[in-house]
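J.: Take a look at the following structure, please.
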Amino acid sequence: MNPEVPLRSPPVSPNSASAGFSTTITNESGEPSRLEPKPFLCRRPVRLTIYACFVLFFVLMLGWRFLPQLLDPTFEKHIQSKRVMVGMNRQQVLQAWGSPNTINVSHTKDGLRREEWIFEDWESAAIVKHRYLYFEEGILTGGWYHGSSERSFPPPPAGSPPKRNTAPDRPF
């Protein structure tokens, strides 16, 4: 006959349990063993905070594209500052930059009308900068800017008035 072994709970020191550090328990041989605390990054509140930051970052990355349009839905501020932005229609781009030098029109096999507007900014007889805008069904979808490789200009003579640049010197 096997005598019943009484079940006993391991002794826990009250100071270690309340401090949140390791707990001393006894193993089957009666020797004290120590449980190590969880690493900082493995604790649930820390993990939840990190995950929340990742989600917030992801949402901001998605929303950053729409932020300027939400702040200026009619693009009036962009037009006044002579800047164009994805989402503008042809009339708004014409108000902001004026008419292009060349318009290339094409149609996709799905029937979408695509337009490429090319603006030329002549700084001198040898230096020209090109701005390209792309429209689909009358809405600006993108563009790029190609300037000359020469970026430094000699200073103007002392008696001449300063040169005014009416065209923006940056991509939209």
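J.: Charges at C-beta only: +1 for Lys and Arg, -1 for Asp and Glu. How large is the resulting dipole of region 74-146 about its Cα centre, in Debye rounded to 20?
T.: Dipole magnitude for region 74-146 comes out near 120 debye.
J.: Under a 5 Å amide H to amide H cut-off, with H placed in plane at 1.01 Å, what residues pair with MET85 once short-range neighbours are removed?
T.: For MET85, whose amide H was placed from the backbone, there are no distant partners under 5 Å.
Bear in mind these aren't lab numbers, they're just calculated from the coordinates by the rules spelled out. Quantities reported herein were computed from a predicted structural model and do not represent experimental measurements. Counting neighbours? That spans all protein chains shown, and the Cβs are built from the backbone with ideal geometry, glycine included.
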